[in-house]
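One structure is given below, encoded as structure tokens.
The values are calculated or read from the model by the stated rules, or taken from the named source; none is laboratory data. It should be emphasised that the depicted structure is a prediction, and the values quoted were computed from it without experimental measurement. Cβ coordinates were reconstructed from backbone atoms using ideal geometry, including for glycine residues, and neighbour counts include every protein chain displayed.
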Amino acid sequence: MGTSSIPVSLRNRLSKKRVTLTSGQLKVGVDVFRNLIFFLFLLKWTRKAALQLKGRGILGTLLGAYSSIQRTLYGLFLRAPVVRSQVKKQVADSIAKLEGKLVPQGPGISRYLTLPKEGWTEQQISAELSKLGEMEHTRWEMGKVSGTVYHGGNDLIKLQAEAYQKFIVSNPIHPEVFPVKLLLALWRETSAHWLQGVRKMEAEIVAMVLSMFNTPHGGAGVTTSGGTESILMACLSARQKAYVERGVTEPEMIIPETSHAAFRKAGSYFGIKVHLAPCPAPTYSVHTKSVSRLINSNTILLVGSAPSFPHGIIDDISALSRLALSKRIPLHVDACLGGFLVPFLSRAGFQTVPFDFSLKGVTSLSCDAHKYGYCPKGNSTLLYRNSSLRSYQYFISPDWSGGVYASPSIAGSRPGALLASAWASLMFQGENGYISACHSIVGAAKKIESSIRENPALRDDIHVLGNPLVSVVAFTSKSLNIYDIADGMSDKGWHLNALQSPPAMHVCVTLPIVATVDRLTEDLIAVIEEEKEKERVRLVEGRGKQGAAKGDTAALYGMAGSLPDKSVVVQLAGGFLDTLYKA
Ligand SMILES: *Cc1c(COP(=O)(O)O)cnc(C)c1O
């Protein structure tokens, strides 16, 4: 358009009339402009300050400011030249030690750092694979590993491998939504067959999972590569919805501090500001009043866990749902861990609470098929109350030179074979299979919980956090260092999880663990006795707590917990990730 749309007469007049400003007028103009900018700036920060005070209260704000000052000062201290070189050296030492443990070295180890010139024979590969399989790994078969392997049954594994093999070349990135592709696929008889089969299985996995959560008519879902992707997509969908429908450009979400780290990842990837809502003792479920106070016009999503990873606690989803409804904000329920347990609790004979789409405020729910769904790793689902919520996570590029591109989630090409083995696993297990597994697993968790609460050799030294209803039992100690107990259990071959803020540990019961519950209790009693004995010796020798030799967990979390600035922990963790890629 430009000037050509201005009528000619007006244009002439404009060009004739010279606008001349005296320097005084100019100065006034600049002043007004400057004041306006200052006013807007002030408005923005006043609003931020008001929201901060509303969200955290005066005391919370002061405490926050205090710890942020402490963090900054400590950060400066770490950056002082002498300290920095010292820290750098210690971090390097620790990482070198880790490498020594993780990366096998020595004359017996062959390393393959380039492609073999000629491909190997099947026999060679098979022999090498067997060797690799025997390299040191955690012995989940013994039932001493928390989480990780949820089923492990041989017949299921065989079935999954068979399903995988049948569909090994399939890739559902070419769904037949476009007539061209469909025609092409129909023309190539066989590929049409794969596509149809995988598409059908994927749609059925979603339908079966939807049917477990009281989903109303019109509910929709997708499969993803894991809980993290499901959570990322739920946050993205909420962000896009708020942008399109409410024009929110500075999105914020409120998550329980105990909710999974994947939500923080979503915040970091998608530019969503994350507010952590406290989950205080004794319930360890999210404090709904705090969530309410943190809501503002930028809030795009509320979150609750069913249950949470650290403490296995189901947040008060009913209260969150009421809040979400009254403020008209989406609510995501993270049932990644409990998705195949919580729906079956009451039929397995246990107490339960409402947590799913039966609560009107719940708009999305993530449920991992690769945990208690017993599918191979790489399988999760994300469900929505309606399909318009789902379409906010779609990525469609209509003008790409490679063709009209449409994909439902992060992945481009996807392994159809994994979907086939997931479908096979769900069909194999069946509803009764899941109910009976729930009965064994939650029953075992209850047994662990009641031993800790009632056994005289345990109840005085450790106590359970909150009231867990599902498969995770978290506990801590007032009399002993809980991380020493974690290290003691590691020495006895257990792989339990260490938790922080507050220091604690948990066991996540899986089918392989069910049979070893009594052993777990016995070992816990023994470890606690050993720790108390060490404490007595230390007292007698007058060495105090400092004299104690620390195991790995106690050393890491002891340090992490005592530092106001976590940059050293971040360096160590980054070094650990590097180590994973040392060939
Ligand atoms: C495991 C888990 C996730 C994340 O799932 P991944 O499959 O590891 O990406 C999310 N939330 C909870 C509660 C979990 O236990």
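Table for the structure above
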read-out: Members of segment 520-535 that are over 34 Å from the mean Cα position of the chain (by Cα) and in contact (Cβ under 8 Å) with a residue 60 or more places away in the chain; value: 529, 532
read-out: Residues being in a helix (DSSP H, G or I), polar (S, T, N, Q) and in contact (Cβ under 8 Å) with a residue 24 or more places away in the chain - total across segment 407-435; value: 3
read-out: Where residue 512 falls short, out of the listed (1) at pLDDT below 95; (2) touching a Gly at 6+ places or on another chain (Cβ under 7 Å); (3) part of a loop (DSSP other than H, G, I, E, B); value: (3)
read-out: Residue within segment 150-162 that is assigned to a helix (DSSP H, G or I) and acidic (Asp, Glu) present; value: yes
read-out: Pairs, first surrounded by fewer than 20 Cβ atoms within 10 Å (Cβ to Cβ) in segment 219-247, second among the basic types (Lys, Arg), C-beta under 6 Å, six or more apart; value: 220/390
read-out: Residue list for segment 107-130, restricted to those being surrounded by fewer than 10 Cβ atoms within 10 Å (Cβ to Cβ) and part of a helix (DSSP H, G or I); value: 122, 123, 130
read-out: Residues of segment 343-355 that turn out to be within 16 Å of the ligand (Cβ to nearest atom) and of a type outside the set (A, V, I, L, M, F, W, C), as a count; value: 1
read-out: Yes/no for residue 259 being more than 21 Å from residue 57 (Cβ to Cβ), assigned to a loop (DSSP other than H, G, I, E, B) and either within 15 Å of the ligand (Cβ to nearest atom) or under 14 Å from the mean Cα position of the chain (by Cα) (or both); value: yes
read-out: Among (1) within 21 Å of the chain's Cα centre (by Cα); (2) surrounded by fewer than 20 Cβ atoms within 10 Å (Cβ to Cβ), the one test that residue 413 misses; value: (1)
read-out: Candidate set: segment 298-342, residues that are within 16 Å of the ligand (Cβ to nearest atom) and β-branched (Val, Ile, Thr); chosen: the one farthest from residue 471 (Cα to Cα); value: 303
read-out: Residues being away from the ligand (no atom under 14 Å from the Cβ), of a type outside the set (Gly, Ala, Ser) and surrounded by fewer than 24 Cβ atoms within 10 Å (Cβ to Cβ) - total across segment 356-390; value: 8
